[in-house]
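Asks: Below: one structure in structure tokens.
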RNA sequence: GCCGGUGUAGUUCAACGGUCAGAACGAGGGACUCAUAAGCCUUAAACGGUGGUUCGACUCCACCCAUCGGCACCA
């Protein structure tokens, strides 16, 4: 039976255009998803947009737009990533989708029935100057840093709470029983420590009068769901839960065979690996299989920020150097689990070394020798992907997998140098042909390994080999 | 403040209680030419600091310095 594979990114919040950090996440997910397709699995790869919440509501009002029109516009921008980054996602879910809304309400009802949702007075600190609610961590000596001479008001409102505290023990037991639940391990330690420290129930609704843009709480017209509660449910609503039980079970898995792989940034560690899992426990659904946590991308050693002017736009990379150049950077140069640093200079250096001088040049020299010396295309009988490559991707270590591909590229360059087929062609054509055929086969296998990482380049290489042609133009021209 | 991580060549990363601490990129030199002045060979280049444990530490311990992250409602 065909293996089912499910992977999802987090849903970006639609208050800004896609940035390089999110491109990293979705390209990583895409590489993993494409790998599983290559291995013959049936894959659901989920992505979409998180469209509720007060920030979005305000932003739409600022721009004088209807909220739905505003989110439609942003959803389209994010969906454009598919083409720009050559993504293979199968599902694009929007939290404003009626099916998602219905799923969120059903999820709520189950949690409520199981005694995990209750009403309580919720105290919020409010800065009159900002006209915003503030958290303790945002305050300096109990005052708003922007308006230090204005008093912070304490507002009380009645909200629904989720009984997270009840699930502390089950969560910890689950963590212990599944030592590879969160990847990498240092993030797992972080969340374990956090949960061990005790879980405080969190608020999962807001007054509709204050925040009209949200999913109505079942049975209470005065309240809407807080975005977190609503948004996390997309991971199951995208699979048709609760109505399509078969599909849900196949891809999300069961308690005995959990199947859902989630990828998220380090700022999402808690939400994905503790809050969401607590919600799943409450709803009686299987937990996720893996939560993969990636780092952030800095630029020149500093956080990207508009004021520093060091923000890197992923589309600019794509426009200048192509989609595969960006995908290459994410896979081979960026750290898979730790923070990474992007600068144009370093990008160009590695592009020249690995894509122009490495992969591109190797493809040219081998296909040129093949086209010159072989009368017909080499027939590829077996497709071989090294076990080490498979092992790396199966533990989501994309950078390691990419390293294996580039090690093979170096090996072939060296092999050409040592066996000199270009010289042998003049003295011993038969032997030269054998060597060239072998090089072509090994190049083909590089192309196959590149299928998940650089889909377009992979296809180009395979086509050149199948047609016994060489590239008219360099695959990756050098950058000066 | 509390907890945790990190600190190795110009840069990004490895490794190990004990042969000259590895690699890649970058830099210098060389021979070649199938290829995108690419590839190959080659040279130079590093263990944050102070003590301690040990026959012996980059690797273990203590302290110091530097740096990063977490410490709950921030999507």
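Bear in mind these aren't lab numbers, they're just calculated from the coordinates by the rules spelled out. These numbers come from a predicted model, not from an experiment. We place every Cβ from the backbone using ideal geometry, glycine too, and count neighbours over all the protein chains shown.
Asks: Under the definition of Cα pairs under 8 Å and six or more residues apart, what whole-number percent is the relative contact order of chain A?
Replies: Relative contact order here is 15 percent.
Asks: If the chain between residue A:415 and residue A:479 were fully stretched, how many nm would it gain, using 0.36 nm times the residue separation less the Cα-Cα distance?
Replies: Length gained between residue A:415 and residue A:479: 20.4 nm.
Asks: Between the helical axis of A:185-196 and the dominant principal axis of chain A, each derived from Cα atoms, what acute angle in degrees is found, rounded to the nearest 10?
Replies: Orientation of helix A:185-196: about 10 degrees from the principal axis.
Asks: Another question, then. Remind me, relative contact order of segment A:424-468 in percent, using alpha carbon pairs under 8 angstrom and six or more residues apart? Can you show the working numbers first?
Replies: Working: 23 pairs, mean separation 11.6, N = 45.
Here the relative contact order equals 26 percent.
Asks: Report the paramagnetic label zone for residue A:387: residues of segment A:420-447 whose backbone N is under 20 Å from a point 7 Å from Cα along the Cα-to-Cβ axis.
Replies: From segment A:420-447, the list is A:445-446.
Asks: For a quick check: sort A:344, A:406, A:108, A:213 by the number of other beta carbons within 10 angstrom, fewest at the front.
Replies: Details: A:344 14, A:406 18, A:108 27, A:213 23.
Going from sparsest to densest Cβ surroundings: A:344, A:406, A:213, A:108.
Asks: For the Cα atoms of chain A, what angle does the longest principal axis make with the long axis of helix A:98-113, in degrees from 0 to 90, nearest 10?
Replies: Relative to chain A, helix A:98-113 is tipped by roughly 50 degrees.
Asks: Suppose R0 equals 45 Å; then what is the FRET efficiency for residue A:109 and residue A:395 from their Cβ-Cβ distance, rounded to the nearest 0.05?
Replies: 0.75
Asks: Once you have the Cα-Cα distance between residue A:270 and residue A:437, take 0.36 nm times their residue separation minus that, and quote the gain in nm to one decimal.
Replies: 54.9 nm
Asks: With each label point set 7 Å from Cα along the Cα-Cβ vector, what nm distance links residue A:221 and residue A:42?
Replies: Label at residue A:221, label at residue A:42, 4.4 nm between them.
Asks: Here's a follow-up. From Cα pairs below 8 angstrom and at least 6 apart in sequence, can you work out the relative contact order of segment A:342-467, rounded to a whole percent?
Replies: Normalised by residue count, the contact order of segment A:342-467 is 31 percent.
Asks: Which value in nm describes the separation of the simple spin-label points at residue A:63 and residue A:99, placed 7 Å from the Cα toward the beta carbon?
Replies: Each label point is offset 7 Å from its Cα along the Cβ direction, giving 2.6 nm.
Asks: With runs of 4+ DSSP H residues as the only contributors, calculate the mean residue ellipticity of chain A at 222 nm using -39,500 (n - 2.57) per run, divided by the residue total and rounded to the nearest 500. Spell out each step's value before the answer.
Replies: Details: 20 runs with 215 residues, N = 480.
Value at 222 nm, helices only, nearest 500: -13500 deg cm²/dmol.
Asks: Further question on the same structure: Put a dot 7 Å past each Cα toward the Cβ at residue A:245 and residue A:313; how far apart are the dots in nm?
Replies: The two pseudo-label positions are separated by 5.0 nm.
Asks: Sort A:7, A:31 so the one with the fewest other Cβ atoms within 10 Å of its own Cβ comes first.
Replies: A:31, A:7
Asks: Right, another one. Grab the beta carbon distance between residue A:374 and residue A:353, set R0 = 22 Å, and tell me the FRET efficiency rounded to 0.05.
Replies: With a Förster radius of 22 Å, E is 0.15.
Asks: Could you state the angle between the C-alpha long axis of helix A:67-79 and the longest principal axis of the C-alpha atoms of chain A, as a value from 0 to 90 degrees rounded to the nearest 10?
Replies: Once rounded, one gets 20 degrees.
Asks: Follow-up. For segment A:154-169 and segment A:306-356, write down the distance between their C-alpha centroids in whole Å.
Replies: Result: 42 Å between the Cα centres.
Asks: Please report the base-10 log of the normalised intensity I(q)/I(0) for chain A, using a Debye sum with one equal scatterer per alpha carbon and no solvent, at each q in 0.12 (1/Å).
Replies: -1.11
Asks: Any chance you could check the Cα centroid distance between segment A:42-105 and segment A:279-303 for me, in angstrom?
Replies: Centre-to-centre distance over Cα atoms comes out at 19 Å.
Asks: In addition: Based only on other Cβ atoms within 10 Å, what is the fewest-to-most ordering of A:480, A:116?
Replies: Ascending Cβ contact count within 10 Å gives the list A:480, A:116.
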